[in-house]
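The values are calculated or read from the model by the stated rules, or taken from the named source; none is laboratory data. Remember, predicted model here, so these are calculated numbers, not experimental data. Quick reminder, even Gly has a Cβ in these numbers, built from the backbone with ideal geometry, and neighbours come from all protein chains shown. What goes into the accessible areas is simple: the full protein's heavy atoms, side chains included, and nothing from ligands, DNA or RNA. Shrake-Rupley method; radii C 1.70, N 1.55, O 1.52, S 1.80 Å.
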Amino acid sequence: MFRLTEYMHQLAKPTPVRTRRGSGAVKPVVIWNLTRRCNLKCRHCYTVSADVHFPGELTHEQAMANVADMEDFGIYALILSGGEPLDRFDFFDIARAARPFTRMLALSTNGTKIHGQNADRVEEIGFDYVGISIDGIGATNDWFRGVDGAFDDAVRGVRECKRRGIKVGLRFTLTRDNAEQLPDLLKLCDDEGVDKFYLSHLVYAGRGDKNRGEDAVHDHTRAALDLLIERAWADVQAGRHLDIVTGNNDADAVYLMRWAQERFDPARIDNLRDHLEAWGGNSSGLGVANIDTQGNVHPDTYWSDYTVGSIKHTPFSRLWTGPDPMLAQLRRRPRPLKGRCGACAHQSICGGNTRIRALQLTGDPWAEDPACYLSNAEIGIAEADRLTVTPFRGKRHDPAHDFSL
């Protein structure tokens, strides 16, 4: 996640970079998909969820054992997701057990079920944040979500959270079919007092892979970032408090650097670069982990085709600190990148961007990310050095065995 507003504050009032204390493995933010069951049918759902029972999901006992293991391991941030997590039969038991040991407990939901008793229980448990997914205004959102009335129900969920004093955000996946509604969504944030706006770039996984032809073309992506950057800077200058973040395209950080270089003195740029390099870009397999509905552990939520192991057989803490070869490669800095990403002058900022898109397109997790919207000149390589990515049509190799450096 790229915290755009946070870095705007650094440009306004620079502070020294904070270094991480201690040693040992980084304790990741864990995104736990509790169930595939969901009342919506989103076109870009990375879990391919539906409103049916899916066999093989964790039992109550297995889920609670995982909560205890995460507590012992020292997990500080936990995001409960789905499908629709509120459709999990013991959702509130899991959340209540996780609350005491997490500094940040978040709920990722479509928002349609946050009302009445559900909203009361979310407030009672004390979630730090509720992220509600939305894909446009009115009928646009309902088309993406596959259910009429989903927009109104999601807005109701926002209002129920705000009425109870729960921090709430809107999560928006940018595609060609909804890019023009970004200004309206920002206005919706203003009108409803939303605390955070999260723009997600499309990732080729689940139904997002099947619908990747809808991925925002690069011009749309740049226009969206232009709008968000100008809005975030204006908010910081005016003392407004909408927290704007983006995800799944770490080139956004390099784009911000280039915007800042045209407006600020070298000392501020150097400070911004130091902060961005300390962040380090894509954190799959290092600062982010995923546990899916079957108990399988992945480097992040979009790596469903690569499994580290199952918490049904081995505790998450042991899997995450074990000798898994893909985790070891993802944690390398620099990563063994190829193509434009391998030649990019900004690897220390973006970390090679989102590897799963490269894997889905080429069969190679270390190929260039096709969703990087920066030109060759902007990433410091000559036009003659550009390598062409050929769409992958063969059998995908096992990325765990790709050790080419």
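Do you know which residues across the stretch 114-137 are outside any strand (DSSP E or B), more than 15 Å from R164 (Cβ to Cβ) and open to solvent by 10 Å² or more (accessible area, probe 1.4 Å)?
I137
I'd like to check which helices (runs of 4 or more DSSP H) are fully inside the stretch 139-226 and have at least 1 residues that are surrounded by fewer than 16 Cβ atoms within 10 Å (Cβ to Cβ) and at pLDDT below 95.
Correct list: 207-210.
Take the residues in the stretch 230-239 that are open to solvent by less than 70 Å² (accessible area, probe 1.4 Å), in contact (Cβ under 8 Å) with a residue 40 or more places away in the chain and under 12 Å from H9 (Cα atoms); name whichever of them is nearest to the chain's Cα centre (by Cα).
The selected residue is A232.
Which residues, taken from the stretch 66-113, are touching a residue at least 60 places away in the same chain (Cβ under 8 Å), open to solvent by 40 Å² or more (accessible area, probe 1.4 Å) and assigned to a helix (DSSP H, G or I)?
Selection gives D72 alone.
N290 fails exactly one of the following numbered conditions: (1) surrounded by fewer than 19 Cβ atoms within 10 Å (Cβ to Cβ); (2) under 30 Å from Q62 (Cα atoms). What is the number of that condition?
Of the numbered conditions (1) surrounded by fewer than 19 Cβ atoms within 10 Å (Cβ to Cβ); (2) under 30 Å from Q62 (Cα atoms), the odd one out for N290 is (1).
Condition check ((1) crowded, with 23+ Cβ neighbours inside 10 Å; (2) of a type in the set (D, E); (3) modelled with pLDDT of 95 or more; (4) over 15 Å from L58 (Cβ atoms)) across all residues:
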| position | (1), (2), (3), (4) |
| --- | --- |
| N296 | no, no, yes, no |
| H313 | no, no, yes, no |
| F316 | yes, no, yes, no |
| P323 | no, no, yes, yes |
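Scan the stretch 52-59 and give yes if some residue there is in contact (Cβ under 8 Å) with a residue 40 or more places away in the chain, surrounded by 15 or more Cβ atoms within 10 Å (Cβ to Cβ), outside any helix (DSSP H, G or I) and within 22 Å of the chain's Cα centre (by Cα), otherwise no.
no
Restricting the search to the stretch 261-279, which residues are over 15 Å from the mean Cα position of the chain (by Cα) and within 25 Å of T173 (Cα to Cα)?
Within the stretch 261-279, L276 is the sole residue that qualifies.
Within the stretch 65-95, count every residue that is small (G, A, S) and farther than 18 Å from T112 by Cα.
Of the residues in that region, 5 qualify.
Might you let me know whether the stretch 285-294 holds any residue that is over 30 Å from S375 (Cβ atoms) and touching a Gly at 6+ places or on another chain (Cβ under 9 Å)?
yes
Output yes when any residue across the stretch 327-343 is among the small types (G, A, S) and assigned to a loop (DSSP other than H, G, I, E, B), and no when none is.
No, because not a single residue in the stretch 327-343 is among the small types (G, A, S) and assigned to a loop (DSSP other than H, G, I, E, B).
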